[in-house]
Amino acid sequence: MTLSLRFRAAIVSLALLGVFLGVWHLATRGGGATATMSPEYAKLMGLTATQGKSAMPGPLDVGAKLWEHLKRPFYDNGPNDKGLGIQLAYSIGRVGLGYLIAVIVAIPLGFMIGMSPLISKALDPFIQVLKPISPLAWMPLALYTIKDSSISAIFVIFICSVWPMLLNTAFGVAGVRKEWINVARTLEVGTVRRAFTVILPAAAPTILTGMRISIGIAWLVIVAAEMLVGGTGIGYFVWNEWNNLSITNVIIAILLIGLVGMLLDQVLARFTRMVTFPE
Amino acid sequence: MSDDPFDAERDLSRSGCGCGLHRSPAEHDHAARTLRCEPVVSEEKRYEGIVASAVMRAVFPQDVARRAFLKSVGAATALAALSQFFPLKTATEAFADAGPPEKKDLKIGFIPITCATPIIMAAPLGFYARQGLNVEVVKTAGWAVIRDKTINKEYDAAHMLAPMPIAISLGLGANAIPFTVPAIENINGQGITLAMKHKDRRAPKDWKGMKFAIPFDYSMHNYLLRYYLAEHGLDPDTDVQLRSVPPPEMVANLRADNIDGFLAPDNICQRAIYDGVGFLHILSKEIWDGHPCCSFAASREFITTAPNSFAALTRAIVDATGYAAKAENRKQIAEAIAPANYINAPVTVLEQVLTGTYADGLGGVKTDPKRVDFDPFPWQSFAVWMLTQMKRWGQIKGDVDYRAVAEQVYLATDTKKVMAEMGLTPPPTAYKSFSVMGKSFDPAKPDDYLASFKIRKSS
């Protein structure tokens with residue numbers, strides 16, 4: 001019966017997609033009002049003005065453009081125009097690096113906070129203040145102090161992905177069952193060994209959940225950060241095409257951002273499942 | 001006619017005109033008036049002539065002796081004899097790069113608007129390469145970012161709004177860092193665009209309560225729009241709302257009805273028309289014909305650490321600007337800068353801006369070949385005018401030494417030297433007066449000028 005449920009869900013999904021594309025197509029078919037204009041004037045104007053073409057591209061336009069991009073994803077026409085594959089690689093690289101640094105900082109710190117109520121209380125006010133700051137608000141400060149735009153982008157990724165991991169790690173570590181810790185204590189297990197063999201496995205699912213939230217946020221933020229700093233990356237691509245008011249390319253970028261974000265999330269979801277244990 | 005130092009009849013006096021073709025500045029002016037000074041054939045020829053004159057001058061410091069020598073042996077022999085003990089060709093090459101650039105690989109930031117035309121086109125059309133530079137022009141997201149990246153030395157030089165280097169040097173909106181402008185990019189080339197719904201509301205006095213977008217606080221756009229509104233009796237600080245909006249967002253905001261209009265750089269104005277969102281109210285040229293807009297800027301530190309690179313860059317920009325100033329080159333330029341790597345806009349839009357034959361958004365086709373123009377000379381009086389407006393609108397508080405700042409930032413003297421070395425004719429002074437909306441500006445009396453405005457921010 002599960003298979004058929006899946007099957008039915010897939011049909012509903014496809015139907016929804018079909019309806020969405022159909023409505024989209026109809027809504028953007030154009031045919032808006034056009035003022036009469038002399039042919040020499042019309043030659044100087046865009047299609048929106050001359051043929052009443054909707055400013056929003058239809059699904060067919062997007063499909064055709066997407067095919068064009070997929071045919072040559074790695075072209076390089078100079079510093080300001082690169083293929084989508086290269087742009088995505090830049091973005092993923094930045095997210096990867098910023099995220100990795102965040103993992104290196106957040107997990108040990110989270111352990112400390114979780115294991116020591118004193119540190120937890122002492123650091124709490126700082127964390128509470130720093131956590132809700134929008135990562136992009138750091139950007140001007142980062143640019144000013146770090147003096148390098150690509151490192152600033154990585155810093156912004158770091159600062160936004162560090163908090164969920166830190167808090168989840170601390171929460172997970174603090175929430176390890178007292179009995180297990182007590183057993184370890186009666187067996188005279190050292191602190192370091194206790195952290196690695198008892199607490200880490202017990203807290204792993206919570207930690208990974210934090211990491212999964214973080215990667216989602218990091219991916220959200222990179223697009224905005226790259227729009228701000230420019231240069232390379234999928235965010236820069238969106239900005240560059242926006243500059244040209246090419247909504248078609250912006251939609252394609254949105255689609256790709258969604259797909260990559262989903263992939264990153266799925267990878268961490270798989271890791272989470274690997275460390276989850278039944279109690 | 002060419003500059004021939006081996007012509008016995010010609011004078012090599014140092015007081016000759018800037019283009020080297022005439023005996024005195026007066027004669028040059030006369031020629032310019034009658035048939036315009038003939039442009040030199042090629043850059044190399046131009047340098048060769050200058051070098052040859054210099055060598056002849058060195059060998060025969062006295063004109064009489066040189067003439068006697070030339071008369072007795074003939075020009076051909078003289079040239080042959082001279083090149084034997086002084087290799088003219090090598091000297092010409094050495095002069096052309098004036099010492100090898102300290103740094104060959106340079107990064108220059110730009111904002112994708114037609115104001116940046118000389119900076120951008122110099123890459124695809126090879127103006128940088130000709131000066132032995134390998135320049136990467138990097139598109140940047142906004143004025144604040146371009147400022148920060150240039151201050152951070154990620155860029156060696158950058159396209160900036162003409163008032164920005166002054167603001168940075170004075171420490172307005174940033175730490176004070178000495179910046180310089182060796183060349184202005186474009187003059188004119190902006191416009192006031194209004195949303196279609198204001199088609200019948202063309203009188204500025206009816207604009208109370210409207211929302212306008214400008215690209216940046218320290219921009220000619222800000223000063224020109226404020227000036228225009230104030231001349232029509234509106235106080236730009238209280239009667240209307242002015243918002244800093246990055247140019248690409250302007251068209252989208254106009255479409256979404258978030259703003260009523262903007263004074264923006266082109267291709268943005270034309271783009272709004274092209275997409276049927278707005279119409280051109282006036283060109284900025286109608287406010288002040290020949291106003292500067294964007295500049296080519298570099299930090300003073302870059303000049304001191306890499307003077308030869310800086311000189312080569314200035315030469316490339318001056319050359320490119322001269323090339324862009326010619327109407328016959330504009331179509332080719334539009335095609336060169338339209339791709340996604342540079343401005344990323346439809347060629348039709350860029351062509352309309354650069355050739356000056358454009359749709360006005362109201363069904364008419366207009367022609368104005370000076371809609372945008374290019375003139376590299378950094379007039380210091382431009383800087384003085386900007387300072388008066390910065391004071392007028394409260395960006396500068398207290399006293400300011402107009403001339404000192406203008407001379408610090410706008411490098412008219414250096415540019416003059418570079419232009420003369422290139423065989424071009426720089427203007428004799430760095431101050432000229434001009435008129436903005438019929439009111440003349442005397443750069444010698446900035447404070448009187450400032451005091452003459454009724455509408456200004458009370459300080």
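No lab work stands behind these numbers, since they all come straight from the coordinates. This one's a predicted model, so the numbers in the text were calculated from it and none came from an experiment. Methodologically, a virtual Cβ is constructed for each residue, glycine included, from the backbone with ideal geometry; neighbour enumeration extends over all protein chains shown.
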Relative contact order of region A:180-279, pairs being alpha-carbon contacts under 8 Å that are 6 or more residues apart, as %: 29 percent
Given charges at Cβ of Lys, Arg, Asp, Glu: chain A dipole, positive-most of A:VAL103, A:LEU136, A:ILE11: A:ILE11
Cα-based convex hull, region A:93-227, per residue volume (Å³, whole number): 106 Å³
Gain on full stretching of the segment that runs from B:GLU335 to B:LYS417 - 0.36 nm per residue minus C-alpha separation: 26.3 nm
Bins of 10 Å from zero: percent of alpha-carbon pairs in region A:43-172: 11, 24, 23, 19, 14, 7, 2, 0
Exercise: per-residue mean of other protein chain Cβ atoms within 10 Å, B:257-265: 0
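Based on Cβ point charges of +1 for Lys and Arg and -1 for Asp and Glu, what charge dipole magnitude is obtained for chain A about its Cα centre, in debye rounded to the nearest 20? Kindly include the intermediate steps, with their values, before the conclusion.
Details: 21 positive and 13 negative charges, 130 e Å.
My answer is approximately 620 debye.
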Relative contact order computed over region B:345-422 (Cα-Cα under 8 Å; 6+ residues apart), in percent: 24 percent
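Mind ranking B:112-122, B:396-406 by how tightly packed they are, going by the mean number of other C-beta atoms within 10 angstrom, highest first? Walk me through the numbers on the way to the answer.
Values: B:112-122: 28.2, B:396-406: 15.2.
The densest-packed peptide leads the list: B:112-122, B:396-406.
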Nearest 10 degrees, 0 to 90: helix A:149-174 Cα axis against chain A principal axis: 40 degrees
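Relative contact order of region A:93-227, please, whole-number percent, based on alpha carbon pairs below 8 angstrom and at least 6 residues apart.
Details: 150 pairs, mean separation 49.9, N = 135.
For region A:93-227, the relative contact order is 37 percent.
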Cβ crowding within 10 Å averaged over residues, with B:409-415, B:430-436 ranked highest first: B:409-415, B:430-436
Beta bridges by DSSP in the protein assembly as shown, antiparallel share as percent, to the nearest 5: 65 percent
Taking N as its residue count, the alpha carbon Rg of the protein assembly as shown over 2.2 N^0.38 Å: 1.17
Peptide B:110-117 - average C-beta neighbours from other chains (10 Å radius): 1
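How do B:ASP217, B:ASP448, B:ASP200 line up, fewest other C-beta atoms within 10 Å first? Display every interim value, and only then the final one.
Working: B:ASP217 21, B:ASP448 10, B:ASP200 7.
In order of increasing Cβ crowding within 10 Å: B:ASP200, B:ASP448, B:ASP217.
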5 angstrom amide H check on B:VAL436, placed H, neighbours 5+ away: B:PHE441
Region B:337-459, dipole about Cα centre (Lys/Arg Cβ +1, Asp/Glu Cβ -1), debye to the nearest 20: 480 debye
Whole-number D in µm² s⁻¹ for region B:190-285, Kirkwood Cα-pair radius fed into Stokes-Einstein, 20 °C, 1.002 mPa s: 167 µm²/s
Mean Cβ count within 10 Å, highest first, over the residues of peptides A:113-124, A:231-242: A:231-242, A:113-124
Taking B:TYR218, B:TYR449 and counting other C-beta atoms within 10 Å, the order from fewest to most: B:TYR449, B:TYR218
Backbone N under 16 Å from the B:ALA451 label point (7 Å along Cα→Cβ), restricted to region B:431-445: B:442-445
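Only four residue types carry charge here, +1 at the Cβ of Lys and Arg and -1 at the Cβ of Asp and Glu. Report the dipole size of region A:93-227 about the Cα centre in Debye, rounded to the nearest 20. Write down the numbers at each step before the final one.
On the way: 10 positive and 5 negative charges, 59 e Å.
Taking the Cα centre of region A:93-227 as origin, the dipole is about 280 debye.
Which of the pairs B:LYS104/B:LYS416; B:LYS103/B:LYS432; B:LYS139/B:LYS457 have their Cα atoms more than 26 Å apart in this structure? Please list the in-between numbers first.
Values: B:LYS104/B:LYS416 24 Å; B:LYS103/B:LYS432 35 Å; B:LYS139/B:LYS457 35 Å.
B:LYS103/B:LYS432; B:LYS139/B:LYS457, as the Cα separations exceed 26 Å there.
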Test item: A:139-150 mean partner chain Cβ contacts at 10 Å: 3
Selected from A:VAL162, B:GLY132, B:ILE168, residue furthest toward positive end of dipole (the protein assembly as shown; charges at beta carbon): A:VAL162
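How high is the FRET efficiency from A:VAL189 to A:LYS131, r the C-beta distance, R0 35 Å, rounded to 0.05?
Details: r = 33 Å, r/R0 = 0.95.
According to the calculation, E is roughly 0.60.
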Distance in nm between pseudo-label sites at A:LEU123 and B:ASP235 (7 Å out along the Cβ direction from Cα): 5.3 nm
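With a Förster radius of 25 Å, plug the Cβ-Cβ distance of A:LEU3 and A:ARG270 into 1/(1 + (r/R0)^6) and report the FRET value to the nearest 0.05. Don't jump to the answer; show the numbers that get you there.
Working: r = 22 Å, r/R0 = 0.88.
According to the calculation, E is roughly 0.70.
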Inter-label distance, nm, simple model (7 Å from Cα along the C-beta direction), B:GLU328/B:ALA203: 4.7 nm
Charge dipole (region B:190-285, unit charges on Cβ, about Cα centre) - positive-most of B:ILE259, B:GLN241, B:ALA203: B:ALA203
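Compute the Cα gyration tensor for region A:5-104, then decide on rounded, prolate or oblate, letting a ≥ b ≥ c be the square roots of its eigenvalues: rounded whenever a/c is under 1.5, prolate when a/b is larger than b/c in the other cases, and oblate in all that remain. If you can, show how the numbers build up before the last one.
On the way: a/c = 2.95, a/b = 1.35, b/c = 2.19.
Oblate, because a/c is 1.5 or more while a/b does not exceed b/c.
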Contour excess over end-to-end distance, with Cα ends at A:ARG29 and A:LEU70 and 0.36 nm allotted per residue: 12.3 nm
Summed side-chain charge close to A:PHE237 - residues other than A:PHE237 whose Cβ falls under 10 Å, Lys, Arg +1, Asp, Glu -1: -2
Estimated distance in nm for a label pair at A:GLU40 and A:ILE146, the labels positioned 7 Å out from Cα along Cα-to-Cβ: 5.5 nm
